[in-house]
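The values are calculated or read from the model by the stated rules, or taken from the named source; none is laboratory data. Remember, it's a predicted structure, so these values are computed and weren't measured experimentally. Cβ: placed from backbone, ideal geometry, glycine included. Neighbour counts: every protein chain shown. The area values use the complete protein model at the heavy-atom level, side chains included, leaving out ligands, DNA and RNA. Shrake-Rupley method; radii C 1.70, N 1.55, O 1.52, S 1.80 Å.
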Amino acid sequence: MSTAPVGSSASGEALAQAISGNIATIRNRIAKAARAARRDPAEIRLIAVSKAQPADRIQAALAAGQRLFGENRVQEAQLRWPDLRASYPDLDIHLIGPLQTNKVKEAVALFDAIQTVDRPKLAQALAAEMEKTGRRPPCYVQVNTGEEEQKAGTLPEEADGFIAECRALGLDIVGLMCIPPVEEEPGLHFALLREIARRNGVEHLSMGMSADYEAAIPFGATEVRVGTAIFGDRGDWKQLVGR
């Protein structure tokens, strides 16, 4: 069973049907994987990754009942979600891309969770902004399980100390997030993240994407981040939002 292709020339009705069908297919696969792992499917939430997707595809997902979305860029999310919240007050928007310290103010104001806390300077900036505004979205620590130089995330051997530092600053660390190396067996990385979470008393595990979300579920994933399998290929976000 595969998801339906989503083309740029699809009519509104065809687009809505394709995306609705894709979401249903993915939810069914999540439920099947959860039952195989003797888990409750309700424990696992689907994050629709809306990075660089045009408005009609987002509207189709909303029409299908999807409310949890993941954004990679603060600027793009600022242009997309504030107006939509008026029509969909139950939206749950997570930041799943790198966060620069100069965007902390906007991120704290906009997102319902920040999944990419990865370094002390960012944690300090988030804590200061939350103290200033009183708004305290829950946070996830991003762990660079593959120790890849090009990827963000605290190193596994530093994760315990960094989680403790974040908590000492007053951040509500509810989860961990990782992006395994594409050329390696993802289960090894999911298992590592699960162990870090276990010994630090962290409940949520954001792991698994379009190619491996089913594999993440036996290792305890509570959120899976799926973009292409729902929406199709991405475009250039600056063109899509007219910037």
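Starting from 0.36 nm per residue, how many nanometres of slack lie between Glu149 and Asp92 once their C-alpha separation is accounted for?
Gain on stretching Glu149 to Asp92: 17.4 nm.
Given an 8 Å cut-off on Cα distances and at least 6 residues of separation, report the relative contact order of region 64-187 as a percent.
Averaging sequence separation for qualifying contacts and normalising by length gives 21 percent for region 64-187.
Any chance you could check the Cα centroid distance between region 58-80 and region 11-57 for me, in angstrom?
When both Cα centres are located, 13 Å separates them.
Using a Förster distance of 45 angstrom, determine the FRET efficiency expected from the C-beta separation of Ala128 and Ala31, and round it to 0.05.
Working: r = 41 Å, r/R0 = 0.92.
That gives a FRET efficiency of 0.60.
Please calculate how many Å² of accessible area the chain carries per residue, with a 1.4 Å probe and no DNA, RNA or ligand atoms counted.
Result: 46 Å² of accessible area for each residue.
Using only Cα atoms, locate the centre of region 202-219 and the centre of region 120-197, then give the distance between them in Å, rounded to an integer.
First find each Cα centre; the distance between them is then 15 Å.
Which label marks the calculated value of log10 I(q)/I(0) by the Debye sum over Cα atoms at q = 0.08, 0.17 Å⁻¹, given the options (1) -0.29, -1.34; (2) -0.35, -1.22; (3) -0.40, -1.19?
Here log10 I(q)/I(0) by the Debye sum over Cα atoms at q = 0.08, 0.17 Å⁻¹ agrees with entry (1).
For region 121-208, what is the relative contact order in percent, using Cα pairs closer than 8 Å and at least 6 residues apart in sequence?
Here the relative contact order equals 30 percent.
Could you identify which residue out of Met209, Met130, Met177 has the top mean-square fluctuation in a GNM of the chain using Cα springs shorter than 10 Å?
Answer for the Gaussian network model of the chain: Met130.
Using label points projected 7 Å from each Cα along Cα→Cβ, tell me how many nm separate Ala168 and Ala109, to one decimal.
Inter-label distance under the simple model: 3.1 nm.
Give me the accessible area of Tyr213, 1.4 Å probe, in Å² rounded to the nearest 10.
That residue has around 10 Å² of solvent-accessible surface.
At a 10 angstrom cut-off on C-beta neighbours, averaged per residue, how do the peptides 164-174, 148-158 rank from highest to lowest?
164-174, 148-158
On a full-extension model of 0.36 nm per residue, what is the gain between Thr101 and Glu43, subtracting their alpha-carbon distance, rounded to one decimal in nm?
Difference between extended and current length: 17.7 nm.
What does the helix-only formula give at 222 nm for the chain: each DSSP H stretch with n ≥ 4 adding -39500 (n - 2.57), the total divided by the residues, and the result rounded to the nearest 500 deg cm²/dmol?
-13500 deg cm²/dmol
For Ser20, Ser206, give the ranking by accessible area with the largest first, probe 1.4 Å.
Ser20, Ser206
Before anything else, pin down the relative contact order of the chain: Cα pairs under 8 Å, at least 6 apart, normalised by residue count, whole percent.
Result for the chain is 21 percent.
If a paramagnetic tag sat 7 Å from the Cα of Glu203 along the Cα-Cβ line, which residues of region 21-46 would have the backbone N under 15 Å from that point?
Flagged as within label range: 42-45.
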